[in-house]
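Here's the structure, in structure tokens; my notes come after.
What follows is calculated from the coordinates using simple rules that are stated; it is not laboratory data. Note that the coordinates shown come from a computational prediction; the quantities given were computed from them, not determined experimentally. When we count neighbours, we look across all protein chains shown, and the Cβ atoms used for this are built from the backbone with ideal geometry, even at glycine.
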Ligand SMILES: Cc1cc2nc3c(=O)[nH]c(=O)nc-3n(C[C@H](O)[C@H](O)[C@H](O)COP(=O)(O)OP(=O)(O)OC[C@H]3O[C@@H](n4cnc5c(N)ncnc54)[C@H](O)[C@@H]3O)c2cc1C
């Protein structure tokens, strides 16, 4: 095979430009690092895990103080990025967690709010119906509304980090796939379908492709997810002010609903709908009728005004770790390589703090953030 053309030398290559890679590229570039970020698809794209219009940011979701620390830092960083733009990334909508009072979802949200002193309102089903009439909850359900929570524009956030990274000097290439990487005596060699680069260090933020890229031996597993947007003939019930994003614990699992941000309609997803591991390079991205019906059943029962005609359907992937917490660490065999993977259906909202911690680890070998609970060593040798 002919030797690949050498295309340049950089301080750091970032492999994968989704939520995490775009944030890492930004934080590295603002420190004066010469950054090259490589993305196999478009920037942003709808083939990984960072698309679908919106993402919820809510610290009440997390029981671990380390998540609370990351969440607080991420919110400050999103606001900072927002302040420098004329087009909003973050909308403070609050977040609603509803279900039977004894359900894990409601009980843990309430406990997290109490433990971490997060402002919230504890509501009966009637109070939820009265305040947010888009939600039609059965008597006996309870709700916890967290005030300091909100919605992020998903693709816009990736784009904002990329734009800011480029403004700080980063080079970002879409449609260039990394085909291999290996350590060298004084750095890392990164091969792509366009050539070969040398770098002092590598940051891997490959999402659903992380396991293969890092040879993690099946530790983080991609699963297929579906999001649906259903029409409504009563849009006044489902705007951002009247309809906070919410998660609902039903007898059939936890579903989520959000007001429209980019796409029209009420967005509905199911948390861990199907245990459906996929090969990210080879799975059928076409939404299934069965997946659509499952989401529609939920919408009919709990958001009847928002269960109109299907407007759009989109597949996405969760990349799931064994304990459903992510991994952020230095590669066990190569200390010039740091990575973050396995966000297990959450984590988008944490991206700026994750990107900053990756930049800390890559440039300084350590970080002030408490990332110890996210180390690879928790899974044993
Ligand atoms: C339906 C759904 C709803 C969600 N809701 C929420 C929510 O409300 N709140 C929240 O916080 N989180 C949520 N999440 C989770 C969150 O969106 C993900 O954890 C997060 O987006 C993962 O980002 P990432 O950068 O790790 O992965 P990705 O966005 O997939 O980015 C990885 C990138 O690496 C690229 N790549 C991989 N291999 C290569 C290679 N060899 N060469 C070049 N490029 C490569 C991929 O193409 C991809 O673009 C949700 C996820 C889904 C799917």
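Legend: ranking of residues 62, 132 from fewest to most surrounding C-beta atoms inside 10 Å; resulting order 62, 132.
Only DSSP H runs of four or more residues enter the estimate; each adds -39500 (n - 2.57), and after division by the residues of the chain the mean residue ellipticity at 222 nm equals -8000 deg cm²/dmol.
Averaging the sequence gap over all C-alpha pairs within less than 8 Å and six or more residues apart, then dividing by the number of residues, gives segment 142-235 a relative contact order of 12 percent. If R0 is 22 Å, the Cβ-Cβ spacing of residue 296 and residue 46 corresponds to a FRET efficiency of close to 0.50. The angle between the Cα long axis of helix 351-364 and the longest principal axis of the Cα atoms of the chain comes to about 20 degrees, rounded to the nearest 10. Here the calculated FRET efficiency for residue 185 and residue 114, from their Cβ-Cβ distance with R0 = 41 Å, stands at 0.15, rounded to the nearest 0.05. Which FRET efficiency value, to the nearest 0.05, is calculated for residue 372 and residue 6 with the Förster distance at 35 angstrom and r the Cβ-Cβ distance? That pair, residue 372 with residue 6, gives E of 0.35. Legend: ranking of residues 90, 197, 26 from fewest to most surrounding C-beta atoms inside 10 Å; resulting order 90, 197, 26. Across segment 233-310, the volume of the C-alpha convex hull divided among the residues equals 106 Å³ per residue. Between the Cα long axis of helix 65-83 and the first principal axis of the chain there is an angle of about 80°, rounded to the nearest 10. Can you give the extra length, in nm with one decimal, that the chain gains between residue 121 and residue 147 once fully stretched, where that is 0.36 nm per residue apart less the Cα-Cα distance? Length gained between residue 121 and residue 147: 8.6 nm. Specify the residue with the greatest mean-square fluctuation among 168, 194, 257, computed from a Gaussian network of the chain linking alpha-carbon atoms under 10 Å apart. In the Gaussian network model the winner is 194. With the simple model of a label 7 Å out from the Cα in the direction of the Cβ, residue 63 to residue 177 spans 4.1 nm.
Of the residues 88, 110, 270, which exhibits the maximal mean-square fluctuation in a Gaussian network model of the chain defined by a 10 Å Cα contact cut-off? Per the Cα network of the chain with a 10 Å cutoff, 88 tops the list. Taking label positions 7 Å along the Cα-Cβ direction at both residue 82 and residue 194, the computed distance is 3.4 nm, reported to one decimal.
Principal axis extents of the C-alpha atoms in segment 286-348 (largest first, rounded to whole Å): 53, 24, 18. Annotation: the antiparallel percentage among DSSP beta bridges lying fully within the chain is about 75. The angle between the Cα long axis of helix 289-302 and the main principal axis of the chain comes to about 40°, on a 0 to 90 degree scale. The distance separating the Cα centre of segment 186-242 from that of segment 283-344 comes to 11 Å. Approximating the spin labels as points 7 Å out from Cα along Cα→Cβ, the residue 234-to-residue 323 distance works out to 4.5 nm. Subtracting the Cα-Cα distance of residue 136 and residue 166 from 0.36 nm times their residue separation leaves 6.2 nm of extension gain.
Taking other C-beta atoms within 10 angstrom as a stand-in for reagent exposure, 315, 30 fall in the order 30, 315, fewest first. By definition, a body whose alpha carbon gyration tensor gives a ≥ b ≥ c is oblate when a/c is 1.5 or more and a/b is not larger than b/c, and segment 1-56 fits this oblate description.
Overall shape: prolate for segment 181-332, with the ratio a/c of the largest to smallest alpha carbon gyration tensor axis at 1.5 or above and a/b above b/c.
Here the extension length gained between residue 285 and residue 364 equals 24.5 nm, from 0.36 nm per residue of separation less the Cα-Cα distance.
Mind running the shape call on the chain? Use the C-alpha gyration tensor, a ≥ b ≥ c as the square roots of the eigenvalues: rounded below 1.5 for a/c, prolate if a/b tops b/c, oblate otherwise. The shape class here is prolate.
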